[in-house]
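The values are calculated or read from the model by the stated rules, or taken from the named source; none is laboratory data. Keep in mind it's a predicted model, so treat the numbers as computed, not measured. Reconstructed Cβ throughout: ideal geometry from the backbone, glycine too, with neighbour counts over all protein chains shown.
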Amino acid sequence: MTISEYIELLFNDYTLRTITLGTAILGAVCGMLGSFAVLRKQSLLGDAISHAALPGIAVAFLITGAKDSNTLLLGALISGLLGAFWIKSIITKTHLKSDTALGLILSLFFGVGMLLLTFIQKQPNANQAGLDKYLFGQAATLLEKDVWFMAIVTSVCLGVLLLFWKEFKLLLFDPDYTKTLGFNIKFLDTLITSFIVAAIILGLQTVGVVLMSAMLLAPAAAARQWTNSLAIMVALAATFGAFSGVIGTGISASYPNLSTGPVIVLVASVFVIVSFIFSPGRGLLFKEIRFRKNRNDLKLHKTLSFMYDIAKNHDDISHPHTVKILNNFQGYTKKSLHKLEKENLIVLIGSNWSLTEEGFFKAKNLYNQHIETND
Amino acid sequence: MKEEIAVAIDDLTVAYNYKPVLWDIDLTIPKGVLMAIVGPNGAGKSTLIKAILGIIKPIAGSVTIFGKPYKNQRKLVAYVPQKGSVDWDFPTTALDVVLMGTYGSLGWIKRPGKTEKKAALEALEKVGMLPFKSRQISQLSGGQQQRIFLARALVQNAEIYFMDEPFQGVDATTEKAIINILKILRKAGKTVIVVHHDLQTVPEYFDWVTFLNVKKIATGPVSAIFNNENLIKTYGINYQVSVLE
């Protein structure tokens, strides 16, 4: 199937369209809220919350016996919120650090969830099959009403985010200061955490408990690489998330037996890897290029300033000197001499070199510049 | 002695899990002083400021700002936290951080406009950071970051300034620049309270001092109480006790 065929299919096939829309919206809302989680250094909170949602699903099934996704996700929401605020109270009320609290709650809830799931599977009830889809998600089960629901939740998130943008930004950067200015940080914190829980619950059906946190973190981590503005970061993260959803769904629909959730997460990871390597400001590639360029420039500058020290003792700055004189100084090679010549800073005649006027003044100012940057 | 009292602290006690960090502090700070809070590590200096500002909840005691509870007087108070208390890799610019100083007077939801931006630029100018207004904050040096924090407090246009170790990790130039601003504030009749570590500069920089080591040791004009007796009471005895243990 070519890409254009796939796009045609996307517009004609109802199921595929529903799933693509659903995963795109999910990716967008997760990227948006994930930015907040990453900047609050609560990256693992998402992981803990999604795992904490599992027993809720099991309990909801045990109580109602229904497999309707709304009922089960309501159970997930309750136990996810319970887990989230339990973690927060452990951190504030005990000496435990946040990673310990997260780990504890994550394994406790997940353990209970798995226990209940195995218990349910042993029941003589035909209805029980398929609950384990919440572990890794099953995008194919998305219905139009699920997508509508996602869209509504996402709009509410976006609206509140825009409304309290100033306050959220302040809270993310400096919570203590936020408090002194009179803002209710408990309210803001509860708001953010509740939204993160909501986004996770939305994704359980599609991506599943185990991989859900990647949906929150990957787009945000990728977006952070490209910008130094919070607004752009949030917008980019939402875009990366949405594209992960669309592309992931496309790949999994084009090949047999590829589960959608994991593919989406992998696509999101590709965004992260590409961003880590190729982003201009913080990317590894450009960092390395800049590093090498700076190192080479510095080497040239060192050679040049050495030449300057020799030349400045003569009345005629362009008085030729033998290259051998540079042997006292380790930093020169034929290549660096030629490079200096090419930049019109020195003139090479046979085995002699002399500074050009340009080279002389460049070397002189170089020295001043280095002093200034040290200041 | 000056008449008006800027900050009045009454029986303030703060504890982290049974261990008292501040014990029964009574302290009145007159309006218009430039005051240093000095004391050894763990003496509760930062905690005192945080308790006054309601960041930490005391287990007992009360604080009034110009005679009224702090929560009614927020707009009269500005705060410069320790530089290390935030993540400087946060995606924002110097100007944006200074603008945060206007958020308190704006209140909920309302965004900063032209007036606020103008005030923020003026504050940046005062601390000599105007050329760096569009810099990402991680690309600023430690001293420059400290100046940004100071500018953020200046923009609050308060009556009382609380500063938690504004001289920590800054070079001599920045230290001079900051102390000049503090002195200008005092001249304008503002009250400035600074957690300070360098005892040698206390007489030069400040006119008022509080010795603190869990309890309040002494408070008053530098000329009257900054002496060996109080220094030993604050630092020496505690030091001896810890050696004996």
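Go over the candidates A:276, A:291, A:286 one by one and state the one that is under 28 Å from the mean Cα position of the chain (by Cα) and surrounded by fewer than 11 Cβ atoms within 10 Å (Cβ to Cβ).
A:291
I'd like to check which helices (runs of 4 or more DSSP H) are fully inside the range A:71-176 and have at least 3 residues that are surrounded by 18 or more Cβ atoms within 10 Å (Cβ to Cβ) and within 14 Å of chain B (Cβ to nearest Cβ).
Because the criterion is at least 3 residues that are surrounded by 18 or more Cβ atoms within 10 Å (Cβ to Cβ) and within 14 Å of chain B (Cβ to nearest Cβ), the helices (runs of 4 or more DSSP H) in the range A:71-176 that meet it are A:165-173.
Looking at (1) in contact with a Leu (Cβ under 6 Å, 6 or more places away or on another chain); (2) within 15 Å of residue B:34 (Cβ to Cβ); (3) surrounded by fewer than 17 Cβ atoms within 10 Å (Cβ to Cβ), find the lone condition where residue B:184 falls short.
(1)
Within the range B:78-110, how many residues turn out to be of a type outside the set (Gly, Ala, Ser), within 18 Å of the chain's Cα centre (by Cα), facing another protein chain (nearest Cβ under 7 Å) and not in a loop (DSSP other than H, G, I, E, B)?
The total comes to 2.
So residue B:197 fits all but one of (1) over 20 Å from residue B:85 (Cα atoms); (2) in a loop (DSSP other than H, G, I, E, B); what number is the exception?
Exception for residue B:197: condition (1).
Can you tell me which condition residue B:65 does not meet? The list is (1) more than 8 Å from chain A (Cβ to nearest Cβ); (2) of a type in the set (A, V, I, L, M); (3) surrounded by 16 or more Cβ atoms within 10 Å (Cβ to Cβ); (4) farther than 19 Å from residue B:28 by Cα, and all the others hold.
Condition (4) is where residue B:65 drops out.
From the residues in the range A:177-227 that are part of a loop (DSSP other than H, G, I, E, B) and among the hydroxyl-bearing types (Ser, Thr, Tyr), which one is nearest to the other protein chains (Cβ to nearest Cβ)?
A:227
Would you call residue B:177 in a helix (DSSP H, G or I), within 14 Å of chain A (Cβ to nearest Cβ) and modelled with pLDDT of 95 or more?
no
Taking residue A:33, is it among the aliphatic types (A, V, I, L, M), surrounded by fewer than 21 Cβ atoms within 10 Å (Cβ to Cβ) and either in the same structural domain as residue A:271 (by TED's automatic domain parsing) or farther than 19 Å from residue A:187 by Cα (or both)? If you could, list the steps in order and put the result at the bottom.
On the way: among the aliphatic types (A, V, I, L, M): yes; surrounded by fewer than 21 Cβ atoms within 10 Å (Cβ to Cβ): no; either in the same structural domain as residue A:271 (by TED's automatic domain parsing) or farther than 19 Å from residue A:187 by Cα (or both): yes.
In short, no.
For the range B:16-62, which positions are in contact with a Phe, Trp or Tyr (Cβ under 8 Å, 6 or more places away or on another chain), within 14 Å of chain A (Cβ to nearest Cβ) and in contact (Cβ under 8 Å) with a residue 40 or more places away in the chain?
B:49, B:52, B:53 - these are the residues of the range B:16-62 that are in contact with a Phe, Trp or Tyr (Cβ under 8 Å, 6 or more places away or on another chain), within 14 Å of chain A (Cβ to nearest Cβ) and in contact (Cβ under 8 Å) with a residue 40 or more places away in the chain.
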